[in-house]
Amino acid sequence: MRFGLSGKLLLLTIPLILIVEILIYVPSIANFRVNRLNDRLAAASTAALVLDAAPSGMVPDALARQILASIGARAVAIKSGSQRRLLAAADMPAKIDHDIDMRDTSAWSAIVDAFQVMLDSGDEVMRVIGPAPGSGQFIEVVVDEKPLRDAMFRFSRNVLLLSLVMTSITAGLIYYALHHLFVRPMRRVTANLVAFHENPESTARIIEPSKRTDEIGLAERELSDMQRDLVSMLHQKNHLAALGLAVSKINHDLRNLLASSQLLSDQLASVPDPRVQRFAPKLMRSLERAIAFCQSTLSYGKAQEAPPDRRRVLIEPVVNEVRESTGLASDTSIEWINAIERGLTVDADPDQLFRVLLNLVRNAAQALESDKSGDGIAKQIRFTGRREGAVTILEISDTGPGIPEGARAHLFEAFQGS
């Protein structure tokens with residue numbers, strides 16, 4: 001049979017409380033026996049004073065029997081100095097089954113003796129020894145064990161009934177408290193996980209964290225953040241899938257259009273006009289790059305880069321081509337500053353390097369053109385290149401507003417900002 005957290009909690013609470021009740025009962029029954037015997041000794045001490053005060057120590061048998069019956073004893077004796085006197089006796093047994101000295105009783109022996117009394121079944125007789133009143137050394141009282149055993153069973157029955165009531169109340173309170181504090185929040189988290197698993201793209205399935213400050217509250221908040229991140233990633237995945245499908249369709253037609261443009265540029269290259277001869281090679285290289293990029297694009301919009309075609313490349317011609325491609329060569333509103341060391345080369349793929357530099361320069365130009373602050377700062381794009389040992393360092397900077405702080409956190413994540 002399978003139990004949930006509530007059932008397991010209940011099954012665990014009841015035996016634990018019963019164990020506590022047993023731990024309470026064991027010393028309680030031992031203490032009950034000790035107190036019962038001490039009461040017999042106290043009553044016997046009082047009776048001894050009465051019997052010892054009688055003239056010449058002579059007490060009528062009827063009165064002695066009445067006194068012994070009142071204290072529930074068969075005989076009372078006292079030792080003073082070296083003399084041991086029997087003060088009163090009635091119906092003395094043939095033998096004494098147990099001797100109990102209450103002057104030297106440890107906690108463990110009290111527990112053992114208590115359960116021994118309860119396990120006996122006969123009409124045993126025991127002699128109880130305790131401190132005597134006045135100048136006496138000790139007092140002895142002979143009593144039957146059965147009344148003590150019956151009283152101990154009545155006490156045990158009352159303790160059992162009270163324990164059952166207290167166990168039920170305590171177990172109910174503990175169960176309710178733990179169920180309210182732990183089980184119910186865990187059920188809420190579990191139900192949310194099941195519901196979220198059924199539809200992980202729905203923002204309505206995200207758990208609403210409670211205001212708890214303990215570990216459960218922390219788990220709810222972390223689960224909520226994790227679900228929000230997952231929903232965002234799934235939405236981004238769907239967006240990328242849709243974008244990839246659109247790109248693949250556009251890519252097919254665009255590649256055909258670029259191929260036609262390449263044929264026209266080949267024919268244009270044969271025109272003897274000097275200006276045409278100057279721009280035709282650049283136009284052909286741009287078309288070749290565009291066709292190669294279209295061919296390397298996957299159907300889901302992710303660029304599948306070919307292994308870099310690394311070679312020694314002069315930086316300055318690439319930078320000049322970037323400037324011309326972005327239209328900055330004829331743009332007088334943005335100042336172009338070239339601070340590249342002469343003859344600086346780099347070991348790189350020229351097409352990939354061109355794309356990187358083109359994107360950076362175009363972003364800088366767009367930022368400068370959109371800046372309407374009118375703070376009087378000249379609009380500049382600075383290109384710096386130098387070699388430090390075996391490393392070539394290229395720096396592109398502009399005097400625009402810079403990248404917004406919110407965009408920096410997701411600067412290299414697709415579709416997280418513009």
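The values are calculated or read from the model by the stated rules, or taken from the named source; none is laboratory data. Just so it is clear, the model here is predicted, and its values are computed rather than measured. Cβ: placed from backbone, ideal geometry, glycine included. Neighbour counts: every protein chain shown. Quick note on the areas: whole protein, heavy atoms, side chains included, nothing else; ligands and nucleic acids left out. Shrake-Rupley method; radii C 1.70, N 1.55, O 1.52, S 1.80 Å.
Side notes on the structure shown:
- Looking across the stretch 127-146, the residues that are small (G, A, S) and either open to solvent by 30 Å² or more (accessible area, probe 1.4 Å) or at positive phi (or both) come down to G134, S135.
- Residue that is modelled with the lowest pLDDT, among those in the stretch 73-93 that are open to solvent by 30 Å² or more (accessible area, probe 1.4 Å) and under 26 Å from V112 (Cα atoms): P93
- Filtered residue count, the stretch 184-236, keeping only those that are assigned to a helix (DSSP H, G or I) and either of a type in the set (A, V, I, L, M) or closer than 23 Å to L9 by Cβ (or both): 25
- Remark: pairs (first residue in the stretch 192-206, at pLDDT below 90; second residue surrounded by fewer than 13 Cβ atoms within 10 Å (Cβ to Cβ) and assigned to a loop (DSSP other than H, G, I, E, B); Cβ separation under 7 Å; 6+ apart in sequence or on different chains) = R205/N199.
- Qualifying residue in the stretch 51-60 (condition: modelled with pLDDT of 80 or more and open to solvent by 60 Å² or more (accessible area, probe 1.4 Å)): no
- Cβ pairs under 9 Å, 6+ apart, first in the stretch 358-370 and farther than 11 Å from L328 by Cα, second assigned to a helix (DSSP H, G or I): L358/E321; L358/V322; L358/S325; L360/V322
So that you can scan it fast, the table gives a plain yes or no per residue for (1) polar (S, T, N, Q); (2) at pLDDT below 90; (3) under 18 Å from G385 (Cα atoms); (4) in contact with a Pro (Cβ under 8 Å, 6 or more places away or on another chain):
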| position | (1), (2), (3), (4) |
| --- | --- |
| E321 | no, yes, yes, no |
| E324 | no, yes, no, no |
| A329 | no, yes, no, no |
| S333 | yes, yes, no, no |
| I340 | no, no, yes, no |
| D349 | no, no, yes, yes |
| F354 | no, yes, yes, no |
| L368 | no, yes, no, no |
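- G385 being open to solvent by less than 60 Å² (accessible area, probe 1.4 Å) and in a loop (DSSP other than H, G, I, E, B): no
- Qualifying residue in the stretch 113-126 (condition: closer than 30 Å to L16 by Cβ, open to solvent by less than 20 Å² (accessible area, probe 1.4 Å) and of a type in the set (V, I, T)): yes
- Evaluation of P200 against (1) over 24 Å from I19 (Cα atoms); (2) out of contact with any helix residue (DSSP H, G or I) (no Cβ under 7 Å at 6 or more places or on another chain) (one fails), failing number: (2)
- Among residues that are loosely packed, with under 15 Cβ neighbours inside 10 Å, of a type in the set (D, E, K, R) and within 17 Å of V313 (Cβ to Cβ), D347 is included.
- Qualifying positions in the stretch 171-216 - under 22 Å from D229 (Cβ atoms), over 18 Å from the mean Cα position of the chain (by Cα), of a type outside the set (S, T, N, Q) and open to solvent by less than 40 Å² (accessible area, probe 1.4 Å): A195, F196, I206
- From S109, S70, residue being among the hydroxyl-bearing types (S, T, Y), modelled with pLDDT of 80 or more and loosely packed, with under 12 Cβ neighbours inside 10 Å: S70
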